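For reference, the structure is listed below as structure tokens.
The values are calculated or read from the model by the stated rules, or taken from the named source; none is laboratory data. All figures in this text were calculated on a predicted structure; none of them were measured in a lab. So basically every Cβ, Gly included, is an ideal-geometry build from the backbone, and we count neighbours across all protein chains shown. Please note that ligands, DNA and RNA were not included when accessible areas were found on the heavy atoms of the full protein model with its side chains. Shrake-Rupley method; radii C 1.70, N 1.55, O 1.52, S 1.80 Å.
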Amino acid sequence: MEKTIYLETHMAIGVYGKNNGNIELLTHIYPKLKIAARGNEVKVIGEDSEVELFEQRFQLLQIHFERFGRVTESDVLNITSAEDDTFYRLDNGNINNDILLHGREGRIIKAITYNQKKMVESVENHDMVFAIGPAGTGKTYTAVALAVRALKNRQVRRIILTRPAVEAGENLGFLPGDLKDKLDPYLQPLYDALWDMMPMQKLLSYMEDKTIEIAPLAFMRGRTLDNAYVILDEAQNATKSQLKMFLTRMGKNAKFFITGDLTQVDLPRHQQSGLLLASQILKEIKGIEFIYMNQSDVVRHHLVTKIIDRYEEYDGKQSLH
């Protein structure tokens, strides 16, 4: 039997190993097979049962790479010597429960603070989660990590990330370039988070085929978002009608994550933040969870916590006056 296994181009180097070390190891583990790797194709020749077993284990190597961003020789030995279900138990059971995924170059991405961990727990039991709190508390980063994990584990088919472009009126027209060039600066924090979590080529591939979509909030109108992990960032800058429009896009097998900071509303003074209203009228609906972050969740520079404290102190004095 001759079988050709195709990999996505970005995966080949990681699965093959340095100088094709993993492929060489596989030829020793399966001496009855003839194995040749070239580009994104692996050709296998041998007895039917041997080829089928190899294909199953090679698929597990690809899944391992998708989850952890690398495949070591130790991983090859563990995966090829274990039963399929044993591998999954090892894969999911021996890692810290706080770890969400392994990002680029094996970087560990995990929930650090109490409320970040609460975000992780909440999304397991609720289809819509609001995370509200000050800058630097990891709201967006944790939400994006959860979305990437869900995509890697094939719980959803796509990720949709969106933000309101509140300055997108006449000021935006003075920026150079086409519409995408004008909007990209507002969406940059979402790109930054994604770049931390997956190889660049994989991210570009996902964006090209719309598996991952990043778009301004206005582009959500009229859509039904099924089988998707959808994140609305900077939701404090969405108006009542915009947020209502967004929340009602929810389709089957969808997870919605809404993040925002009610102390940094950029809307005109006469417009109320849609996030503020939502936090008042939706909080008792079953299936929706509100998580409120605070200074103890700040994971940026230590000065950020002090800055937030001073501004809150100032705002408190102003409200008294």
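Assorted remarks:
- Filter result for Leu61 (modelled with pLDDT under 85 and either part of a loop (DSSP other than H, G, I, E, B) or surrounded by 14 or more Cβ atoms within 10 Å (Cβ to Cβ) (or both)): no
- Selection from region 24-39 of residues that are open to solvent by 50 Å² or more (accessible area, probe 1.4 Å), under 34 Å from the mean Cα position of the chain (by Cα) and in contact (Cβ under 8 Å) with a residue 24 or more places away in the chain: Gly39
- Selection within region 226-251 - in a loop (DSSP other than H, G, I, E, B) and either closer than 19 Å to Thr137 by Cα or touching a residue at least 24 places away in the same chain (Cβ under 8 Å) (or both): Asp226, Asn227, Asp233, Glu234, Ala238, Arg249, Gly251
- Considering residues of region 106-139 that are basic (Lys, Arg) and modelled with pLDDT of 85 or more only, the residue nearest to Arg163 (Cα to Cα): Lys139
- Residue count, region 140-183 (criterion: loosely packed, with under 14 Cβ neighbours inside 10 Å and either at pLDDT 65 or above or among the hydroxyl-bearing types (Ser, Thr, Tyr) (or both)): 5
- Screening region 189-238 for residues that are modelled with pLDDT under 90 and small (Gly, Ala, Ser) and picking the one that is nearest to Val123 (Cα to Cα) gives Ala193.
- Some residue of region 86-99 being modelled with pLDDT of 90 or more, open to solvent by less than 20 Å² (accessible area, probe 1.4 Å) and over 30 Å from Tyr292 (Cβ atoms): no
- Annotation note: of Asn227, Asn294, the sole residue that is in contact with a Lys or Arg (Cβ under 8 Å, 6 or more places away or on another chain) and surrounded by 12 or more Cβ atoms within 10 Å (Cβ to Cβ) is Asn227.
- Residue in region 190-211 that is surrounded by 19 or more Cβ atoms within 10 Å (Cβ to Cβ) and within 15 Å of Ala165 (Cα to Cα) present: yes
- If only residues of region 275-285 that are of a type outside the set (A, V, I, L, M, F, W, C), without any contact (Cβ under 8 Å) to a residue 60 or more places away in the chain and within 19 Å of Asp127 (Cβ to Cβ) are counted, the one that is least open to solvent (accessible area, probe 1.4 Å) is Lys283.
- Comparison of Val129, Val148, Val123 shows that the only residue that is farther than 25 Å from Lys202 by Cβ and among the β-branched types (Val, Ile, Thr) is Val129.
- Which numbered condition Leu25 misses (of (1) at pLDDT 90 or above; (2) under 23 Å from Gln201 (Cβ atoms); (3) assigned to a helix (DSSP H, G or I)): (2)
- Of all positions in region 252-260, none carries a residue that is at pLDDT below 90, open to solvent by 50 Å² or more (accessible area, probe 1.4 Å), of a type outside the set (A, V, I, L, M, F, W, C) and not in a strand (DSSP E or B).
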